[in-house]
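A short worksheet on the structure shown next.
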Amino acid sequence: MTLRPYLLLALTLALFSCGSDPLPKPKAMLRLDYQKPEYAKVDLKLPFTFEKNTNANDINYIKLDGINNSSGANIIYPNMKGTIYLTYKKVTTTNLDSLLRDAQNLTQKHTLKADEIESIVYENPSKKVFGMFYEVGGNAASQSQFYVTDSLNHFLNGSLYFYAKPNYDSILPAADYLKNDIKHIMETVQWKY
């Protein structure tokens with residue numbers, strides 16, 4: 001009579017222990033296919049032109065601020081949930097240093113979350129476009145930032161932001177794709193005099 005509970009327990013364990021052996025998941029990589037970029041010239045009511053990726057939405061938002069002599073545009077990439085924000089300011093005899101300082105400080109604010117910040121100097125003397133590109137590594141809010149100027153009349157800075165919580169591993173493919181678009185914007189900027 002005392003064997004009955006043990007026999008019932010052994011039979012129950014035998015029934016529930018039967019099954020297939022667990023198999024580890026095969027190794028795989030996330031596949032993200034982005035369309036090959038094609039660029040078209042953008043000529044809006046801004047003091048500069050540039051080329052943007054045709055995979056982005058048409059620019060339909062231009063902000064103008066007559067008090068601060070600034071304007072800007074947003075280049076939206078809905079399938080990547082990201083936006084490149086462009087802000088233009090007119091250079092005066094007294095504000096170039098503060099514009100440069102503000103652009104550099106904007107990037108440095110990300111040092112708390114960034115693993116690294118790589119800066120690349122950009123110069124195109126024939127078009128009078130000089131600037132800096134910043135690539136921010138890690139879980140920072142903005143993965144890429146830049147500024148370009150002719151040092152006399154024009155100053156343009158831009159930042160890339162995603163609509164998602166910054167997780168560097170998840171947004172890295174989109175950040176790399178858009179980094180190339182930002183570099184293309186820098187290379188194709190032409191000032192309107």
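Details
- Close contacts from segment 63-75, counting a first residue that is under 14 Å from N157 (Cβ atoms) and a second that is open to solvent by 20 Å² or more (accessible area, probe 1.4 Å) and among the hydroxyl-bearing types (S, T, Y), with Cβ to Cβ under 6 Å and a gap of 6+ residues or different chains, come to G72/T87; N74/Y61; N74/Y85.
- Hey, L160 open to solvent by less than 20 Å² (accessible area, probe 1.4 Å), part of a helix (DSSP H, G or I) and either more than 19 Å from K192 (Cα to Cα) or touching a Gly at 6+ places or on another chain (Cβ under 6 Å) (or both) or not: no
- Tallying residues that are in a loop (DSSP other than H, G, I, E, B), modelled with pLDDT of 85 or more and open to solvent by 10 Å² or more (accessible area, probe 1.4 Å) within segment 180-193 yields 1.
- For Y177: the one exception among (1) of a type in the set (F, W, Y); (2) in a strand (DSSP E or B); (3) within 23 Å of P78 (Cα to Cα): (2)
- The residue of segment 60-80 that is most open to solvent (accessible area, probe 1.4 Å), among those that are β-branched (V, I, T) and at pLDDT below 85, is I67.
The values are calculated or read from the model by the stated rules, or taken from the named source; none is laboratory data. Source: prediction; values computed, not measured. Heads up, the Cβs are rebuilt from the backbone with ideal geometry, glycines too, and the neighbour counts pull from every protein chain shown. Protein only, heavy atoms only, side chains kept; ligands, DNA and RNA dropped before computing areas. Shrake-Rupley method; radii C 1.70, N 1.55, O 1.52, S 1.80 Å.
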